[in-house]
Amino acid sequence: MVWFKRRQFFVFLFIAVLAAYSMRLTEFDFSKFRDFENMADFLSKWFPMNTESLPYLFTESLLTISIAFLGSLFGLIIALPLSFLAARNTSGHRIIYAITRFYLSFLRSVPEFVFGLILLTTLGLGPFPAVIAIVLHNIGVLGKLISELIEAADNGPIEAMSAVGAKSWIGNLFAIIPQIWPNVLSQFFYRFEVAIRTSLILGLIGGGGIGQQLFIHFKTFQYQLVSVDVLLIMLMVILVDYIGGKIREKVI
Amino acid sequence: MIKFENVSVLYPGTEEPAIKNVSIGFEQGEFVCVLGRSGAGKSTFIRCINGLQPVSEGNVKWDGKSLSEMTPKENLEIRRKTGMIFQHFNLIPRMSVVQNILTGLFGYKKSYENLLGLFNPNERKSALEAIKQVELTVEPTRRVENLSGGQKQRVAIARALIQNPKVFLGDEPVASLDPGTAERIFTLLKETHIERNLVSIINVHDVVLAKKYATRIIAFKKGNLVFDDTPDKFDEKVYSEIYNH
């Protein structure tokens, strides 16, 4: 046991106990798969796919992508400057750092679904409240992730900008953004992908898009349309992942 | 021109000052090499000159005025007048050679001009001239991370030159370069120094280089300034006093 210390053994034991306790709470039991046939029977109702509504569902998918895209893009645009205030090395003052961190934690802790429900009361049904809900949550998530990238950035270029007499915010911007940009893009595309899935959930509360269609098709037992919805969702996620990968490749 | 008056620097969380009670002055035209073991206080000393490192005690004066008494604007002015090069070049990655050189003008321009990259034709021309001056033979549009160590240091020197500096500071600028490249970089620094009549203060580990190029050598040992004289006075005895425990 050359590789392990005694302390690590206790950590491992603690994790194992925690996992066992969580399994008990969640009724985690593989023997329940004995009714697997029910699932197979249910899934068989999804086929053959009903492709008649494909053009309409395709339009709804575009709406979902638009919700996710705007939610991620505006989230990034707002999160980027905030993340400089939420990073220890660039915030300028401990109080600014603490306030910004708290604000980002608050936004992150409220699920998009809850933001969506609150926004419904003023914006009504439709995709707009869904976009705002995703923007708000993404500010919290991207702000935290980018601020951590800023803290881990190489200090050398920052020092060089300081040495040429650049104002500190200009120096920080030019010295840090190029360093973290590929990772920022990675985070953006990951959040875009997550936003697609989130916008499906927001469809349940009238956010529109393919999520709302999926919800309606489920409720009305139109499983042959559900399979089309799921296929389109999968294609969207794969497409975003592919485009994100290509763009990142180019940037690096 | 530059004067240290009883300067000490104590880093937070440490008990021993990085430099202790240093008093020294530098005049236009001097090419000074700073010697000493790693951790002797050379980098701290260099960084105090342009205020990158605030002093704990004493004063660093430029033309009779203390850095600590200067307004933020005056401090920026000092940094504008100081070209600084670093061991690890400190270039901005993912930006091109010419873009990196133009960042040397950031201290002279308004924030929105820097932000939008608004450089006039004369400034662009200066950047290209700086590339020529440092004998850099790569495409100006090439990204800096694709250059060799020697080429990167030439970009860093060009960035410092475009500032039109009165003072040149080097924090171990040749420490990560091979001996041949190090010699060529030092030749370039000395030629530029003479051509522009600068004050050059450069940290270096290589005593041979220091003796060959410097007009004055100073040396630190455990934060104390222990040698300050012409290169011919830096003999074996001084060497062993500084570099042996």
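Computed over the stretch B:1-79, the P(r) curve from all C-alpha pair distances, binned at 5 Å from the origin, holds 3, 15, 26, 26, 19, 9, 3, 0 percent per bin. Here the Gaussian network model covers chain B, with springs between Cα atoms less than 10 Å apart; of B:Leu52, B:Leu91, B:Leu35, B:Leu52 fluctuates the most. Against the empirical 2.2 N^0.38 Å (N residues), the stretch B:90-164 has a Cα radius of gyration ratio of 1.00.
Summing both sides, the accessible surface hidden between A and B at a 1.4 Å probe radius is close to 2000 Å². Counting only alpha carbon atoms, the long axis of helix A:223-251 and the longest principal axis of chain A meet at about 20°. Of the residues A:Met161, A:Met39, B:Met70, the one with the largest accessible area comes first in the ranking A:Met39, B:Met70, A:Met161, computed with a 1.4 Å probe on protein heavy atoms.
The ellipsoid equivalent to the alpha-carbon distribution of chain B has semi-axes of 30, 22, 16 angstrom, derived from the gyration tensor eigenvalues as √(5λ) and listed largest first.
Within chain B, DSSP assigns beta bridges of which about 50% are antiparallel (rounded to the nearest 5).
Averaged over the residues of peptide B:103-114, the number of Cβ atoms from other protein chains lying within 10 Å of each residue's Cβ is 5. With all protein chains in place and a 1.4 Å probe, the accessible surface of chain B carries 50 percent carbon and sulfur.
For the cross-link pairs B:Lys73/B:Lys109; B:Lys109/B:Lys132; B:Lys3/B:Lys81; B:Lys3/B:Lys233, the ones whose C-alpha atoms lie over 19 Å apart are B:Lys109/B:Lys132; B:Lys3/B:Lys233.
Under the shape rule built on the C-alpha gyration tensor, where the axes satisfy a ≥ b ≥ c, the stretch A:6-91 is oblate, since a/c reaches at least 1.5 while a/b does not exceed b/c.
Where only protein heavy atoms count, and the probe is 1.4 Å, what is the accessible area per residue for chain A in Å²? With the other protein chains kept in place, chain A gives 59 Å² per residue. Among beta bridges identified by DSSP and lying wholly in the protein assembly as shown, the antiparallel ones come to about 50 percent.
The alpha-carbon atoms of the stretch B:190-241, seen along their principal axes, cover 35, 21, 17 angstrom, with the largest extent given first. Comparing the stretch A:53-251 with the 2.2 N^0.38 Å rule of thumb, its C-alpha radius of gyration ratio is 1.18 (two decimals). Relative to the dominant Cα principal axis of chain A, helix A:127-151 is inclined by about 40°. Phi-derived couplings, Karplus 6.51 cos²θ - 1.76 cosθ + 1.60 at θ = phi - 60°, listed residue by residue for the stretch B:11-26: 6, x, x, 10, 9, 9, x, 6, 10, 10, 6, 8, 10, 6, x, 9 Hz, with x used for Gly and Pro. Shown for the stretch B:145-191: residues covered by the partner protein chains by 10 Å² or more of accessible area relative to the chain by itself (probe radius 1.4 Å), namely B:Arg159, B:Gln163. Kirkwood's formula applied to the C-alpha pairs of the stretch B:51-146 gives a hydrodynamic radius of 15.5 angstrom. Accessible surface for the stretch B:90-164, divided over its residues, is 46 Å² per residue with a 1.4 Å probe.
Stokes-Einstein diffusion for the stretch B:142-216, with the hydrodynamic radius set to the Kirkwood value over Cα pairs and evaluated at 25 °C in a medium of 0.890 mPa s, equals 192 µm²/s. Just the protein heavy atoms count here, and of the accessible area of chain A at 1.4 Å, carbon and sulfur take up 70 percent. Between the stretch B:209-227 and the stretch B:1-41, how many Å separate their Cα centres? Value for the Cα centre distance between the two parts: 11 Å.
The modelled label-to-label distance between B:Asn21 and A:Arg197, using points 7 Å beyond Cα along the C-beta direction, is 6.6 nm.
How big is D, in µm² s⁻¹, for the protein assembly as shown by Stokes-Einstein at 10 °C and 1.306 mPa s if Rh is the Kirkwood radius over C-alpha pairs? This corresponds to a translational diffusion coefficient of 58 µm²/s. Gyration tensor over the Cα atoms of the stretch A:127-221: the corresponding equivalent ellipsoid has semi-axes (square roots of 5 times the eigenvalues, largest first) of 41, 11, 8 Å. Here is how the number arises for chain A: DSSP H runs of 4 or more residues each give -39500 (n - 2.57), the sum is divided by the residue count, and the result at 222 nm is -27000 deg cm²/dmol.
The values are calculated or read from the model by the stated rules, or taken from the named source; none is laboratory data. Note that the structure is predicted; figures quoted are calculated from it, not measured. Virtual Cβ from ideal backbone geometry, glycine too; neighbours counted across all protein chains shown. These accessible areas exclude ligands, DNA and RNA; they are computed on the full protein's heavy atoms, side chains included. Shrake-Rupley method; radii C 1.70, N 1.55, O 1.52, S 1.80 Å.
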